[in-house]
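Asks: What follows is a structure written as structure tokens; I'll ask about it next.
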Amino acid sequence: MRIFFLDQSGKPGGAELCLIDIAKPYGDCALVGLFADGSFKSLLQQNNIPVEVLATQAIQVRKESSLLQGLKSLGQLAPLITKVVKIAREYDLIYANTQKALVVGALASFFSRRPLVYHLHDILSTEHFSQTNLRIAVNLANRFASLVIANSQASKTAFIQAGGRTDIIEVVYNGFETKNHQTDESDIDKLQQQLGLQGKFVVGHFSRLAPWKGQHILIDALAKCPPEVTAILVGDALFGEQDYVQQLHQQVAELGLENRVKFLGFRSDIPQLMAACDLVAHTSTSPEPFGRVIVEAMLCGKPVVAAKAGGVMELVEHGLNGFLVTPGEPQELAQVIITCLQETEITATIANNAQTTASRRFDVSIINQQIAQLLSQRL
Ligand code: UDP
């Protein structure tokens with residue numbers, strides 16, 4: 001099957017990293033068309049996935065854009081759609097991986113007469129999107145998509161609540177290469193030394209820096225923990241959240257935590273960094289559609305504490321394979337951090353349970369089989 005994937009981003013967020021795993025088995029039968037240049041293109045190339053940057057100018061619509069702004073951008077889209085239609089004729093299907101890719105993919109599907117698949121990585125609610133963008137996404141999916149793949153039950157439920165068709169949507173979780181999450185003891189020691197983490201209780205936060213990812217909640221919680229508790233914040237502001245980055249640095253300074261919070265920026269050595277942690281914290285203040293970092297931490301054998309909302313509740317069972325806390329509650333988060341610091345045996349058992357179940361549930365080859373099966377059944 002020849003698949004033409006579309007993604008709006010030049011930067012590797014969770015949806016883009018997931019796309020790498022889906023496109024990889026198709027080799028030269030796949031092409032990823034991007035609407036922006038950037039480091040995601042290089043990542044695709046490193047994975048031997050054919051890629052082409054289709055738009056030289058970034059599309060200006062944002063998640064919260066109004067209808068008028070959306071319409072203005074249609075002018076910008078015309079040359080891109082023409083290009084996508086032409087390429088799509090050489091493929092069996094168009095696979096839209098993001099919302100702007102859905103807009104372009106829907107029109108291209110109509111003109112090229114190729115079926116459309118929409119991989120939904122978002123919770124389509126007004127907490128994350130403008131009413132207009134919500135309506136556009138749901139209407140286009142309803143009208144043009146033969147299949148919508150939701151990354152969690154939570155994303156599927158939100159799609160249906162927003163008016164999405166129940167007969168076109170299926171849930172498929174993100175898949176992960178288990179062996180990529182095994183690390184050498186010597187690498188971990190080296191990293192801990194480099195980062196000055198030896199002898200500390202390290203809480204890792206792995207996410208792009210954005211207000212709803214809640215790094216500020218972890219910083220607040222840290223101030224309520226004993227001094228040996230240190231945090232590493234791994235990730236960068238991918239979509240222009242510079243004010244928030246400044247705010248975080250200010251918060252750290254005000255709380256006198258300069259020696260206990262390290263900003264590491266965007267990194268590609270996530271499994272190694274996770275292995276250097278004692279606990280991985282996920283602190284989103286709005287419901288997370290899936291939460292790749294949670295599964296990654298589990299596969300690394302690390303205990304996870306996560307904000308209880310959205311897709312996260314399909315991944316974590318409190319006290320069995322991780323810990324759940326109320327979103328936006330630093331006091332509760334601090335309490336769990338202190339428990340993990342003190343109750344090392346129970347915490348290790350929980351992390352082991354998580355590793356076993358996660359490697360079974362999220363094995364990339366099984367997930368890819370599920371997708372291949374859906375594509376062959378529905379198209
Ligand atoms: N990630 C990364 N480098 C970083 C920070 C994060 O590669 O510096 C990865 C992380 O390992 C995860 C993804 O980015 O695979 C984030 O996915 P998630 O579902 O947690 O959030 P999203 O970005 O989709 O909102």
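Asks: So which residues in the stretch 307-342 are in contact with an Asp or Glu (Cβ under 8 Å, 6 or more places away or on another chain) and under 15 Å from Ala358 (Cα atoms)?
Replies: Correct list: Gly311, Val312.
Asks: Which one is farthest from the ligand (Cβ to nearest atom), of the residues in the stretch 197-214 that are assigned to a loop (DSSP other than H, G, I, E, B) and open to solvent by 40 Å² or more (accessible area, probe 1.4 Å)?
Replies: Among residues in the stretch 197-214 that are assigned to a loop (DSSP other than H, G, I, E, B) and open to solvent by 40 Å² or more (accessible area, probe 1.4 Å), the one farthest from the ligand (Cβ to nearest atom) is Gly199.
Asks: Would you please list the contacts, defined by Cβ atoms under 6 Å and residues six or more apart or on different chains, that run from a residue in the stretch 232-245 that is within 21 Å of Arg292 (Cα to Cα) to a residue that is within 12 Å of the ligand (Cβ to nearest atom) and in a strand (DSSP E or B)?
Replies: Listed by first residue and then by second, the contacts come to Ile232/Gly204; Ile232/Leu264; Leu233/His205; Leu233/Phe263; Val234/Phe206; Val234/Leu264; Asp236/Gly265.
Asks: Can you tell me which of Arg360, Arg267, Arg292 is open to solvent by 40 Å² or more (accessible area, probe 1.4 Å) and within 16 Å of the ligand (Cβ to nearest atom)?
Replies: That would be Arg267, the only listed residue that is open to solvent by 40 Å² or more (accessible area, probe 1.4 Å) and within 16 Å of the ligand (Cβ to nearest atom).
Asks: Looking at the stretch 319-353, which of its residues are among the acidic types (Asp, Glu) and loosely packed, with under 13 Cβ neighbours inside 10 Å?
Replies: The answer is Glu343, Glu345.
Asks: Would the stretch 236-244 turn up any residue that is part of a helix (DSSP H, G or I), more than 29 Å from Ser359 (Cβ to Cβ), open to solvent by less than 50 Å² (accessible area, probe 1.4 Å) and away from the ligand (no atom under 13 Å from the Cβ)?
Replies: Looking for residues that are part of a helix (DSSP H, G or I), more than 29 Å from Ser359 (Cβ to Cβ), open to solvent by less than 50 Å² (accessible area, probe 1.4 Å) and away from the ligand (no atom under 13 Å from the Cβ), one finds at least one in the stretch 236-244, hence yes.
Asks: Among the numbered criteria (1) under 21 Å from Val234 (Cα atoms); (2) surrounded by fewer than 16 Cβ atoms within 10 Å (Cβ to Cβ), which single criterion is violated by Ser365?
Replies: Single failed check for Ser365: (1).
Asks: Scan the stretch 252-270 and report the pairs whose first residue is among the small types (Gly, Ala, Ser) and whose second residue is surrounded by 14 or more Cβ atoms within 10 Å (Cβ to Cβ), with Cβ atoms within less than 8 Å and a gap of 6+ or a chain change.
Replies: Close Cβ pairs satisfying both conditions: Gly265/Val234; Gly265/Gly235; Gly265/Asp236.
Asks: Any chance you could count how many residues in the stretch 245-264 are crowded, with 17+ Cβ neighbours inside 10 Å and away from the ligand (no atom under 16 Å from the Cβ)?
Replies: The total comes to 3.
Asks: Anything in the stretch 87-132 that is surrounded by fewer than 17 Cβ atoms within 10 Å (Cβ to Cβ) and either of a type in the set (Ser, Thr, Tyr) or free of Cβ contacts under 8 Å to residues at least 12 places away in the same chain (or both)? List them, or say none.
Replies: Arg113, Thr126, Gln131
Asks: Here is a further query. Find the residue count for the stretch 7-19, including only residues that are over 13 Å from Leu44 (Cα atoms) and more than 11 Å from the ligand (Cβ to nearest atom).
Replies: Of the residues in the stretch 7-19, 1 are over 13 Å from Leu44 (Cα atoms) and more than 11 Å from the ligand (Cβ to nearest atom).
Asks: Among all residue pairs at least 6 apart or on different chains, which show Cβ distances below 6 Å where the first residue, located in the stretch 1-27, is of a type in the set (Val, Ile, Thr) and the second is open to solvent by 10 Å² or more (accessible area, probe 1.4 Å)?
Replies: From the stretch 1-27, the pairs are Ile3/Tyr26; Ile20/Asn47.
Asks: Picking from Val171, Val138, which residue would you name as being within 16 Å of the ligand (Cβ to nearest atom) and modelled with pLDDT of 95 or more?
Replies: Val171 is the lone residue from the list that is within 16 Å of the ligand (Cβ to nearest atom) and modelled with pLDDT of 95 or more.
Asks: A further question follows. Please go through the stretch 135-162 and give me each residue that is loosely packed, with under 14 Cβ neighbours inside 10 Å and farther than 20 Å from Pro115 by Cβ, ordered by number.
Replies: Of everything in the stretch 135-162, just one residue is loosely packed, with under 14 Cβ neighbours inside 10 Å and farther than 20 Å from Pro115 by Cβ, namely Gln161.
Asks: Here's another thing I want to ask about it. Does Gln192 fit the bill of being touching a residue at least 40 places away in the same chain (Cβ under 8 Å) and more than 16 Å from the ligand (Cβ to nearest atom)?
Replies: Considered against the rule, which asks whether it is touching a residue at least 40 places away in the same chain (Cβ under 8 Å) and more than 16 Å from the ligand (Cβ to nearest atom), Gln192 comes out as yes.
Asks: When residues of the stretch 112-144 are filtered for being closer than 17 Å to Asn97 by Cβ and in contact with a helix residue (DSSP H, G or I) (Cβ under 6 Å, 6 or more places away or on another chain), how many remain?
Replies: 10
Asks: Which members of the stretch 23-40 meet the condition of being within 14 Å of the ligand (Cβ to nearest atom) and touching a helix residue (DSSP H, G or I) at 6+ places or on another chain (Cβ under 6 Å)?
Replies: Within the stretch 23-40, Phe40 is the sole residue that qualifies.
Asks: A follow-up question, please. Condition test on Ala281, is it within 14 Å of the ligand (Cβ to nearest atom) and either buried (at least 17 other Cβ atoms within 10 Å of the Cβ) or in the same structural domain as Lys24 (by TED's automatic domain parsing) (or both)?
Replies: Here the answer is yes, as Ala281 does meet what is asked.
Asks: Quick check on the stretch 298-317: of everything there that is open to solvent by less than 10 Å² (accessible area, probe 1.4 Å) and over 19 Å from Glu332 (Cβ atoms), which residue is farthest from the ligand (Cβ to nearest atom)?
Replies: In this case the residue turns out to be Met298.
The values are calculated or read from the model by the stated rules, or taken from the named source; none is laboratory data. A quick note: this is a predicted structure, and the numbers were derived from the prediction, not measured. All Cβ positions, glycine included, derive from the backbone under ideal geometry; neighbour counts span all protein chains shown. To get the accessible areas, we keep the full protein, side chains included, count just its heavy atoms, and leave off ligands, DNA and RNA. Shrake-Rupley method; radii C 1.70, N 1.55, O 1.52, S 1.80 Å.
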